[in-house]
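Notes for the one structure printed next.
Just so you know, all these numbers are worked out from the coordinates, no wet-lab data involved. Bear in mind that the values here come from a model prediction, so they are computed numbers and not experimental data. Cβ coordinates were reconstructed from backbone atoms using ideal geometry, including for glycine residues, and neighbour counts include every protein chain displayed.
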Amino acid sequence: MDAQTTSSGRADPLGQPLPRRWRRALPGALAVTALTTVLAYTGLGQPLRTVPENLRIPIALDTEETPHETPSVLHQIDTEEPVIFVTIDDGHQPGPAALEIVREHRMPVSLFLNEQPVKDHAPHFEDYIELGHHVHTHTLSHVELPQYGFEEQRHEICGMVEVLEETFGDDGAVGSLLRAPYGASDATTAEAAATCGITAIPHWSGTAEDGAVTLAHGDSFRPGDIILTHFTETLPEDLRAVQQKAEAEGFTVARLEDYLP
Ligand SMILES: [Zn+2]
């Protein structure tokens, strides 16, 4: 609503709204004072509510006083050990067969979950937690984070941490990593994630889907590769493909949280 006209359209007690050109012509402080006086006199409320969004004072993050360091963004782990890492994202189609492969091979996996799958399938993810695996935020609603500002990103990232804490917190299984949906993050993502204790934002250097492993850098695993998989109906074949390729190439699947504490 325009703060200078009443909702009924009647003229205010001063007769006419303060013309915009007057405000432009006045020095800044005087203009604010005059406008505030008019608004107070006419009882038209709270002029500060009408400050346009692009004029609001941005939230200042003082790194000296911020309790958490800004998390690093990475695509693979910096190691010379013959280890790779398996991550499982989203959570929409969990099933017992994948869990059985994880159990059978004692395969460390890191779960990056969204809100709806946690609401739908919490007991299934509890089974992973009982095996010693960790769950991490993948945002509440699987948004492409860089299109949003600080507060929206923080809501998506940290809101999901809260959901995980509420659902699994007693198990100590909620980890401090963020998997950004679509591998899309920016500087604001890291700043927002830092506010709820996120320590790293691991993307990936390879994927396993439809039963096949695809690497960003070539045909063979390299030390520190992070493999992206999803809770889909092909997850059992995907995990089996990673396990078989690792064995064939002399690699071990290691626990991501041991390398990104
Ligand atoms: Zn995802």
Original post:
Karplus couplings for the stretch 143-157 from phi (6.51 cos²θ - 1.76 cosθ + 1.60, θ = phi - 60°), rounded to Hz, Gly and Pro as x?
Top reply: 8, 7, 4, x, 6, 10, x, 4, 5, 5, 5, 4, 4, 5, 6
**OP:** Determine ³J(HN,Hα), in whole Hz, for all residues of the stretch 84-98 in sequence, where each value follows from phi through the Karplus function 6.51 cos²θ - 1.76 cosθ + 1.60 and θ = phi - 60°; x replaces Gly and Pro.
**Re:** 10, 10, 10, 10, 10, 10, 6, x, 6, 10, x, x, x, 5, 5
Original post:
Taking 0.36 nm per residue of separation and subtracting the Cα-Cα distance, what length does fully extending Y182 through E152 add?
Top reply: 9.1 nm
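Based on Cβ point charges of +1 for Lys and Arg and -1 for Asp and Glu, what charge dipole magnitude is obtained for the stretch 137-261 about its Cα centre, in debye rounded to the nearest 20? Mind showing how you got there, number by number?
On the way: 6 positive and 22 negative charges, 74 e Å.
Charge dipole, the stretch 137-261, about its Cα centre: 360 debye, nearest 20.
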Original post:
Taking Cα centroids, how far is the stretch 154-224 from the stretch 83-126 in Å?
Top reply: 14 Å
**OP:** Provide the net charge surrounding E237, with neighbours chosen by a C-beta distance below 11 Å and charges set as Lys +1, Arg +1, Asp -1, Glu -1.
**Re:** -3
Subject >> Table column - 3J(HN,Hα) (Hz), the stretch 101-110, Karplus curve with 6.51, -1.76, 1.60, x for Gly and Pro >> reply: 5, 4, 5, 5, 8, 6, 7, x, 9, 10
**OP:** First select every other residue whose beta carbon is under 10 angstrom from the beta carbon of I101; then total the charges, Lys and Arg +1, Asp and Glu -1.
**Re:** -2
**OP:** Any chance you could run the full-extension gain for A248 through A216? It's 0.36 nm times the residue separation minus the Cα-Cα distance, nm to one decimal.
**Re:** 9.6 nm
**OP:** Rank by packing, highest mean first: peptides 130-141, 178-189, with packing defined as the count of other Cβ atoms within 10 Å averaged across residues.
**Re:** 130-141, 178-189
Original post:
Which of T139, M107, F150 sits farthest toward the positive end of the charge dipole of the stretch 97-157, with +1 on the Cβ of Lys and Arg and -1 on the Cβ of Asp and Glu?
Top reply: M107
